[in-house]
1. Do you know which of the residues in region 24-77 that are aromatic (F, W, Y) and closer than 20 Å to R9 by Cβ is surrounded by the fewest Cβ atoms within 10 Å (Cβ to Cβ)?
2. I'm told K18 meets every condition in (1) under 14 Å from the mean Cα position of the chain (by Cα); (2) assigned to a helix (DSSP H, G or I); (3) over 16 Å from F93 (Cα atoms) except one. Can you identify the failing condition by its number?
3. Which residue is farthest from L43 (Cα to Cα), if the candidates are limited to region 73-90 and must be free of Cβ contacts under 8 Å to residues at least 40 places away in the same chain and over 13 Å from the mean Cα position of the chain (by Cα)?
4. Scan region 1-23 for residues that are among the hydroxyl-bearing types (S, T, Y) and open to solvent by 70 Å² or more (accessible area, probe 1.4 Å) and jot them down.
Amino acid sequence: MYIHMFAFRFKPGVTQEKKKFIVTEIQNLQSQIPEILEAWVGLNDSPRGVGYELGGAMKFADRTAMDAYGSHPVHQKLLGWLMPLIEPIEVDFSAYS
């Protein structure tokens, strides 16, 4: 299993309405990109968030599946309009239980 985690700081001017739209659009990726096995995303309400207002995680079968997600046209389209609005951080790792 391979996990992709992310958190976003929003750039000035991004409204609450737009933030909720972003959450919905990221959630919708699971139904559009078959490599995503599970996905969780939401607005951060932790007092320790150090400015990161959105967090999420996605589960993939392996690194190859995550790489296919990364280059998928639906994901690339989302990144096209999302990247100018955020300062992201990402963590990807193989999960062992």
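1. Kept after step one, since they are aromatic (F, W, Y), are these residues of region 24-77: 40, 52, 60, 69.
Okay, now just the ones that are also closer than 20 Å to R9 by Cβ, so 40, 52.
On the way: W40: 13, Y52: 18.
Going through the qualifying residues, I end up with W40.
2. So the condition that K18 fails would be (1).
3. As a first pass, look at region 73-90 and keep what is free of Cβ contacts under 8 Å to residues at least 40 places away in the same chain: 73, 76-77, 79-81, 83.
Narrowing the set further to residues that are over 13 Å from the mean Cα position of the chain (by Cα) leaves 73, 77, 80-81.
Details: P73: 25, K77: 22, G80: 21, W81: 19 Å.
Looking at the filtered set, the residue picked out is P73.
4. Within region 1-23, the first condition is being among the hydroxyl-bearing types (S, T, Y), and the residues that meet it are 2, 15.
Correct list: T15 only.
The values are calculated or read from the model by the stated rules, or taken from the named source; none is laboratory data. Just so you know, these numbers come straight off a predicted model, no measurement behind them. Neighbour counts run over all protein chains shown; Cβ positions are idealised from the backbone, glycine included. In case anyone asks, the SASA skips ligands and DNA or RNA and just uses the protein heavy atoms, side chains included. Shrake-Rupley method; radii C 1.70, N 1.55, O 1.52, S 1.80 Å.
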